[in-house]
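The values are calculated or read from the model by the stated rules, or taken from the named source; none is laboratory data. All values derive from a computational prediction rather than experimental measurement. Note that we place each Cβ from the backbone using ideal geometry, even for glycine, and neighbour counts take in every protein chain shown.
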Amino acid sequence: MSRVVIAGGGTGGHIYPGLAVARVLQKQGHDVQWVGAVGGLEEKIVVRENLPLHLIRIGKLHHSVGLWVRLKTLFGFPIAFFQALRLVWSLKPDAVLGIGGFASGPFLFVASLLGCRTVIWEPNAHAGLANRVLSRWVDVCLLVFDEAASGLKGRKTYRVGLPVRTSMLPATREPLGGRNFRILVFGGSQGARAINKVVSQWVQSDLWPDDVELLHQTGSLDFKEVQKTYEALHSTGQRLKVQCAEYLHDMDARYAWADVVLCRAGASTVAEIAACGKAAIFIPLPTAADDHQMKNASVLERAGASIVIEQKSFSVETLLKEIQRLKSQPELVVQLESSVRHFATSGSAETIASHVLETPV
């Protein structure tokens, strides 16, 4: 039995794939520990999965945060590296997998200096800051997008894909003819305010088409306001085919229901879209670190596998234009579904686990 430490987090796009790899390793009988950052999302998610969680105090360093935050992070580096050193000594890992995020930097750097096997996994089309720096020191670099390789300096680089939930499989969509066009909207657990605003404006406007059904996951921040708006429309007998939810747990069924998905372009979302084979309109988050969401979406758009609208150009008019195009061209929906499936990779969690254990398949 080996002891494997998974280091990193910060967002669901890093954490959930890491958990998928952790489950594979545990099924194989290995001891899995997790190192994250104080205040990171991993404090909520990893604990619920009953994985031992160890924390390092380190902040953000990318350019999407202010200068003061970056200075505080730089001044806190000595403490973070000391905490990482203490953890490596106490945990004595046989291998370390870095999944990106603030805590992965100091922990993997120290682990590599102390002779541990170190592997990084990069989920985005543009490698994050931590992985760009670490790539010089680790044994292996694992990618989801080939485009990320240009930012990494590792000698051994492999494309392994992104683990998604096992329920995320291609589903047979009901043919478009003779029924309403179905749109699924979501922006993550917290929601996406820019998307929520435009979609709710569209639903209330005279531009809303009668032959469209909408399921709108708002996230926690805007749920009450959007729910109130839609309920007011329902009370007058309007927009009865419009529903909203704070959070959707059965995403596999929701993907299967939809003709098109309107969403952000984080790595996990892109991977689920590919695995389910869905036509998608991406509205990348413009403040994402290193603009990685736009780079993820652009890779798919260049391959004819998605539609991308920049947030600054996202409006009722631009959204309606794309929806009308998809409604009037069913063959375009089919083309997008077919093209995006080429970005799906099966067995990613098992492949990543094999590289971590130095038994690549």
Handout entry: Some residue of the stretch 112-121 being surrounded by fewer than 24 Cβ atoms within 10 Å (Cβ to Cβ) and closer than 17 Å to residue 10 by Cβ
Key = no
Exercise for the section: Output the number of the condition that residue 283 fails; it satisfies all remaining conditions of (1) buried (at least 24 other Cβ atoms within 10 Å of the Cβ); (2) under 19 Å from residue 164 (Cα atoms). Expected result: (2)
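Here is a yes/no grid of residues against (1) touching a helix residue (DSSP H, G or I) at 6+ places or on another chain (Cβ under 8 Å); (2) surrounded by fewer than 23 Cβ atoms within 10 Å (Cβ to Cβ); (3) modelled with pLDDT under 90; (4) hydrophobic (A, V, I, L, M, F, W, C):
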site: 221; (1), (2), (3), (4): yes, yes, yes, yes
site: 247; (1), (2), (3), (4): no, yes, yes, no
site: 250; (1), (2), (3), (4): no, yes, yes, no
site: 256; (1), (2), (3), (4): yes, yes, no, yes
site: 262; (1), (2), (3), (4): yes, no, no, yes
site: 267; (1), (2), (3), (4): yes, no, yes, yes
Problem - strands (runs of 3 or more DSSP E) fully within the stretch 78-162 counting 3 or more residues that are modelled with pLDDT of 95 or more and on the phi > 0 side of the Ramachandran plot - result: none
Handout entry: Positions within the stretch 180-204 being under 13 Å from residue 323 (Cβ atoms) and among the polar types (S, T, N, Q), in sequence order
Key = 180
Practice task
Filter the stretch 197-255 for residues that are small (Gly, Ala, Ser), under 27 Å from residue 272 (Cβ atoms) and assigned to a helix (DSSP H, G or I) and give the result.
Solution key: 200, 253
Handout entry: Filtered residues of the stretch 1-52 (kept if closer than 22 Å to residue 109 by Cβ, modelled with pLDDT of 90 or more and surrounded by fewer than 17 Cβ atoms within 10 Å (Cβ to Cβ))
Key = 2, 3, 52
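Can you tell me which of 295, 327, 321 is over 19 Å from residue 193 (Cα atoms), in contact with a Phe, Trp or Tyr (Cβ under 7 Å, 6 or more places away or on another chain) and assigned to a helix (DSSP H, G or I)? If you could, list the steps in order and put the result at the bottom.
On the way: 295 fails: in contact with a Phe, Trp or Tyr (Cβ under 7 Å, 6 or more places away or on another chain); 321 fails: in contact with a Phe, Trp or Tyr (Cβ under 7 Å, 6 or more places away or on another chain).
Result: 327 is the single residue among 295, 327, 321 that is over 19 Å from residue 193 (Cα atoms), in contact with a Phe, Trp or Tyr (Cβ under 7 Å, 6 or more places away or on another chain) and assigned to a helix (DSSP H, G or I).
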Problem - All positions within the stretch 92-111 that are surrounded by fewer than 24 Cβ atoms within 10 Å (Cβ to Cβ) and either under 19 Å from residue 349 (Cα atoms) or among the aromatic types (Phe, Trp, Tyr) (or both) - result: 94, 95, 109
Practice task
Return a yes/no flag: does the stretch 300-310 have any residue that is assigned by TED's automatic domain parsing to the domain that holds residue 215, basic (Lys, Arg), touching a residue at least 24 places away in the same chain (Cβ under 8 Å) and out of contact with any Cys (no Cβ under 9 Å at 6 or more places or on another chain).
Solution key: no
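Keeping to the stretch 8-40, report how many residues are part of a loop (DSSP other than H, G, I, E, B), more than 13 Å from the chain's Cα centre (by Cα) and within 23 Å of residue 271 (Cα to Cα).
Of the residues in the stretch 8-40, the ones part of a loop (DSSP other than H, G, I, E, B) are 8-11, 28-30, 38-40.
Narrowing further to those that are more than 13 Å from the chain's Cα centre (by Cα): 8, 28-30, 38-40.
Then keep just the ones that are within 23 Å of residue 271 (Cα to Cα); that gives 8, 40.
Selection size over the stretch 8-40: 2.
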Completion exercise
The lone condition residue 69 fails out of (1) at pLDDT below 85; (2) more than 24 Å from residue 286 (Cβ to Cβ); (3) not in a loop (DSSP other than H, G, I, E, B) is (2)
Handout entry: So residue 275, is it in a helix (DSSP H, G or I) and either surrounded by fewer than 16 Cβ atoms within 10 Å (Cβ to Cβ) or touching a residue at least 40 places away in the same chain (Cβ under 8 Å) (or both)
Key = yes
